[in-house]
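Peer 1: One structure coming up, written as structure tokens, with questions to follow.
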Amino acid sequence: MVDFDKEAIEVSSKYKGKIQVTPKVPVKSLQDFAILYTPGVAAVSREIHKEKVKSFDLTYRWNSIAIVTDGTRVLGLGDIGPEAAMPVMEGKSLLFKYLGGVDAVPLTLNTKDPEKIIDTVKILETSFGGINLEDIESPKCFYILDKLREELQIPVWHDDQQGTAGATLAGLIIALELTDRDPKNTRILLYGSGAANIATARLLNSYGIPYENMIMTDSFGPLFRGRKDEEEMKVENAWKYDLLQKTNKDNVTTFEEAFKGTDVLIAASKPEPGTIKPDQIKLMNKDPIVFALANPVPEIWPDEAKKAGAKIVGTGRSDFENQLNNSLIFPAVFRGALDVRAKTITDEMVIEAARELASHVRTKGASESYIIPRMTEWEIYPKVAAAVASKAQAQGLARKSITFDEEIENAKSLIESARRIMNLL
């Protein structure tokens, strides 16, 4: 067995981090400096001054994003601070480049104040083509995302919300088909009511699954109308309160009732085996679908879930089948959004990404052990980018036009180039 902890520390120590800035323009003589910097660079600045949008064409901004975190909700480690969050953000940058050809800069902010985070990102808008919010605690993350999406003219995305929701939907599309279920009539239990599951509930509803067919729980039990903390929740977490009002049509009040008669379990809660018991899986409908997404340890081990009757099981881990990994979503979504200079990323764009992933699985042969592409199937990323770019144009949110096939070739070229450089290193 590989000791991943030891290896990770050794690699970080050897390379002193995972990323670096590398020039992409050749320099062969003093004349090149005159073109790339002074006096030639002044002409480029004058062009952008006349028309600011040209910064997307004449600088690296067109392909760059900032990964912004305050380090308050890092992996399963919790509030470990901005310094300790940096290795995770560096890893994210590496994935953005290798899987999407996107230049991503980690920015770990030394503040937990949501207003300061918002102001910082607004100040930085002119330097980037998009913003990826990462590992920010709930419910603060919802407020920051909503506010920035309102005020910025570049895509702002929270991967723990939209990325996780998109990957979950992609796997669910195929899982429902394999178990012969109609999305409109499927009963879903969302176990945990943090950023991932609140966003998943919203996205599933946009996809066509009624809120009334969902039940959401937290550590105290199901969200239901009349719960004793309802008014407190209304003030402290408006996004969770909104789902309390819309979900759980039968107003069930116990965990046992929540599991009973459910078709799908989507758990994004405590990373600990035994969080979900086999006896709870047995309460679900025949051939249930179980997604245990906590990292680094799922809420129930896949073999336990299968023994309890689960037909299809997915986790967030690469060492089990059906890894529902947001790495299948965020690199390609940003690739497509950046390539058409999109102003935002909508739920509809994420749904198109999920549908493209599902289509790829159907083509290769969907099965109970293969409901979502693996990260090594890199050929899917250009297709997802093209689906997102097309939807952005259809919604009138793109500054630039490109056909589906042109974007496939464009994204393929950028991703292949990034992979060649990294493989060379």
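The values are calculated or read from the model by the stated rules, or taken from the named source; none is laboratory data. Just so we're clear, the structure is a prediction, and the values are computed from it rather than from any experiment. Please note: Cβ atoms are built from the backbone with ideal geometry, for glycine as well, and neighbour counts cover all protein chains shown. For the accessible areas, the whole protein counts, side chains as well, though only heavy atoms, and no ligand, DNA or RNA atoms are used. Shrake-Rupley method; radii C 1.70, N 1.55, O 1.52, S 1.80 Å.
Peer 1: Specify the angular offset, from 0 to 90 degrees and rounded to the nearest 10, of the alpha carbon long axis of helix 164-178 from the longest principal axis of the alpha carbons in the chain.
Peer 2: In the chain, helix 164-178 runs at an angle near 50 degrees to the longest axis.
Peer 1: Among rounded, prolate and oblate, which fits the range 1-138 when a ≥ b ≥ c are the square roots of the eigenvalues of its C-alpha gyration tensor, a/c under 1.5 means rounded, and a/b larger than b/c means prolate?
Peer 2: oblate
Peer 1: Further question on the same structure: Could you sort 329-336, 58-65 so that the peptide with the highest average Cβ count within 10 Å comes first and the rest follow in order?
Peer 2: Working: 329-336: 30.1, 58-65: 18.0.
Final packing ranking: 329-336, 58-65.
Peer 1: How big is the antiparallel share of DSSP beta bridges in the chain, given as a percent to the nearest 5? Please report the intermediate quantities before stating the final value.
Peer 2: On the way: 4 of 34 bridges.
Here the antiparallel bridges make up roughly 10 percent for the chain.
Peer 1: Still on this model: How much accessible area per residue does the chain have, in Å², with a 1.4 Å probe?
Peer 2: Per-residue value: 47 Å².
Peer 1: Shifting gears a bit: For the chain, which whole-number percentage of the solvent-accessible area (1.4 Å probe, protein heavy atoms only) is attributable to carbon and sulfur atoms?
Peer 2: Carbon-and-sulfur percentage of accessible area, whole number: 53.
Peer 1: With +1 on each Lys and Arg Cβ and -1 on each Asp and Glu Cβ, how big is the dipole of the range 236-289 about its Cα centre, in debye rounded to the nearest 20?
Peer 2: 60
Peer 1: In angstroms, what radius of gyration and Dmax does the range 138-196 have, counting Cα atoms only?
Peer 2: 14.8, 43
Peer 1: Relative to a virtual label point 7 Å from the Cα of residue 146 in the Cα→beta-carbon direction, which members of the range 92-116 show backbone nitrogen distances below 16 Å?
Peer 2: Hits in the range 92-116 for residue 146 at 16 Å: 114-115.
Peer 1: Using 0.36 nm per residue, how much length does the chain from residue 256 to residue 311 gain when fully extended, once their Cα-Cα distance is taken away? Before the final figure, lay out each step's value.
Peer 2: Numbers: separation 55, 0.36 × 55 = 19.80 nm, distance 2.01 nm.
Length gained, residue 256 through residue 311: 17.8 nm.
Peer 1: If R0 is 22 Å, what FRET efficiency do you get for residue 229 and residue 270 from their C-beta distance, rounded to 0.05?
Peer 2: Calculated transfer efficiency: 0.70.
Peer 1: What lysines sit close enough to residue 391 to cross-link, taking a C-alpha to C-alpha distance under 17 Å and skipping anything fewer than 8 places away on the same chain?
Peer 2: Partners found: 343, 383, 400.
Peer 1: Treating the angle as unsigned and between 0 and 90°, give the value, to the nearest 10°, between the Cα long axis of helix 41-50 and the longest Cα principal axis of the chain.
Peer 2: So the helix axis and the longest Cα principal axis differ by about 60 degrees.
Peer 1: Using amide H atoms built 1.01 Å from N in the peptide plane, name the residues 5+ places from residue 105, or on other chains, whose amide H lies under 5 Å from its own.
Peer 2: 65, 66, 67
Peer 1: Among 224, 211, 185, which residue has its Cα positioned farthest towards the positive end of the charge dipole of the range 79-236, with +1 placed on the Cβ of Lys and Arg, -1 on the Cβ of Asp and Glu, and the dipole taken about the Cα centre?
Peer 2: 185
Peer 1: Please go through the range 285-390 and write out the GluC sites (Glu not before Pro) that DSSP classes as loop and that have at most 12 other C-beta atoms within 10 Å. Walk me through the numbers on the way to the answer.
Peer 2: Numbers: sites: 299, 304, 321, 348, 352, 356, 368, 377, 379; in loops: 299, 321, 368, 377, 379.
The qualifying sites are 379.
Peer 1: Could you please report the charge total around residue 361, scoring K, R as +1 and D, E as -1 over all other residues with beta-carbon less than 14 angstrom from its beta-carbon?
Peer 2: Every neighbour counted, the sum reads -1.
Peer 1: With bins 10 Å wide starting at 0, give me the P(r) of the range 132-272 over every alpha carbon pair, in whole percents.
Peer 2: Percent of Cα pairs in each bin: 12, 42, 35, 11, 1.
Peer 1: Work out how much length residue 377 to residue 120 would gain on full extension: take 0.36 nm times their residue separation and subtract the Cα-Cα distance, in nm to one decimal.
Peer 2: Contour length minus Cα-Cα distance gives 88.9 nm.
Peer 1: Take the Cα of residue 319, step 7 Å along the line toward its Cβ, and report every residue of the range 1-41 whose backbone nitrogen sits under 17 Å from that point.
Peer 2: Hits in the range 1-41 for residue 319 at 17 Å: 1-9.
Peer 1: So if I place +1 on the C-beta of Lys and Arg and -1 on the C-beta of Asp and Glu, and nothing else carries charge, what would the dipole magnitude of the chain be about its Cα centre? I want it in debye, nearest 20.
Peer 2: 860
Peer 1: Given charges of +1 on the Cβ of Lys and Arg and -1 on the Cβ of Asp and Glu, with all other atoms neutral, how large is the dipole of the range 20-120 about its Cα centre, in debye to the nearest 20?
Peer 2: 380
Peer 1: Three principal axis extents, largest first, for the C-alpha atoms of the chain, in Å?
Peer 2: 74, 46, 46
Peer 1: Starting from the Cα of residue 50, step 7 Å along the direction of its Cβ; do the same at residue 7; then give the gap between the two resulting points in nm.
Peer 2: Once both label points are built, they end up 5.4 nm from each other.
Peer 1: Shifting gears a bit: Run the Debye formula on the Cα coordinates of the range 190-280, all scatterers equal and no solvent, and tell me log10 I(q)/I(0) at q = 0.22 1/Å.
Peer 2: At q = 0.22 Å⁻¹ the computed log10 ratios are -1.17.
Peer 1: Kindly express, to the nearest 10 degrees and within the range 0 to 90, the angle between helix 195-207's C-alpha long axis and the longest C-alpha principal axis of the chain.
Peer 2: Tilt of helix 195-207: around 90 degrees.
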